[in-house]
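The structure appears right after this line, and notes come after that.
The values are calculated or read from the model by the stated rules, or taken from the named source; none is laboratory data. Everything numeric here is computed off the predicted structure, so don't read it as measured data. Cβ placement follows ideal geometry from the backbone for every residue including glycine, while neighbour counts extend to all protein chains displayed.
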Amino acid sequence: MKRIFGTAMAMTLSVMLACGALGIGFYHLEVARAEEALATFDAARADRIYARLEKTLETGRRIPWIFKTVREDLQVRRSRLSYWRQDYAAILKETAANGEDEKTLSPSLRFIRANARYRAITGKQNREKVIRDLGQSIRDYAKTIETDPTFTDAAFNYEFLLMLRDDIAGGRRSTPFRHPGAQKLLDRMKEIHGEQGAEPAFKVPQQMKVLVPREGDEDPNKRGPEPGKGSATKKRG
């Protein structure tokens, strides 16, 4: 009886592992399709794929230890996609967490939230609101570095916003989002492709130097006649 029970347990465990491996393989296949859509700038198709995956993973949400890592990875990917689409409000809404949920945010997700909060600042906000939003992004960057000290991008953004906030609060710099044309500049900075390139104002002439290789036994001091100055070859007969 014990032998039959052990065999049944082993078979059940094998089936569960096989189903888990199949599910992970399906997830990576769908992620690859979403990445392919992003490579062709089809963000809408990538978002539909991520939405289907999220709906599929909802079945395991009641059991926290099943596909937990996969769900966290999917949340980071969806937030990154929203960031590329400049939907910063959606990121701030989806990552709004309190208590234990706030402590368990992954460094990547916290980093994206800090970036989105900074990008969401517009020229319509007053000075106090700008300073408060910068402070929240700074705290997110600090928490990201505390969790992952190798997160160099978060460290760079932390130092930059810290100096920017202190300069604005101390009156040494005006709010950079409220000067004339600031919103247009921000919109251009937030584009997914960056600023459009242009031809340089002047071109540097290219000076090419041709080097002709010589044979190993060739004497560089013995040169033949200059081109065009040699005598013509006469044929006999």
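Could you list, in sequence order, the residues of region 124-145 that are hydrophobic (A, V, I, L, M, F, W, C) and at pLDDT 90 or above?
134, 138, 142, 145, listed by residue number.
Condition (residue is over 29 Å from residue 157 (Cα atoms), touching a helix residue (DSSP H, G or I) at 6+ places or on another chain (Cβ under 7 Å) and at pLDDT 85 or above) applied to region 38-49: is it met by at least one residue?
yes
With respect to the numbered conditions (1) surrounded by 16 or more Cβ atoms within 10 Å (Cβ to Cβ); (2) over 25 Å from residue 43 (Cβ atoms); (3) among the polar types (S, T, N, Q), which one is the sole condition not fulfilled by residue 137?
(2)
Return only the number of the condition from (1) closer than 15 Å to residue 50 by Cβ; (2) among the hydrophobic types (A, V, I, L, M, F, W, C); (3) at pLDDT 85 or above that residue 89 does not satisfy.
Failing condition for residue 89: (1).
Return the pairs, sorted by first residue and then second, in which the second residue is of a type in the set (Val, Ile, Thr), the first residue lies in region 141-161 and is in the same structural domain as residue 117 (by TED's automatic domain parsing), the beta carbons are less than 7 Å apart, and the residues are 6+ apart or on different chains.
Taking only residues 6 or more apart or on different chains, the pairs are 151/144; 151/145; 154/144; 154/145; 155/145; 158/138; 158/145; 161/138.
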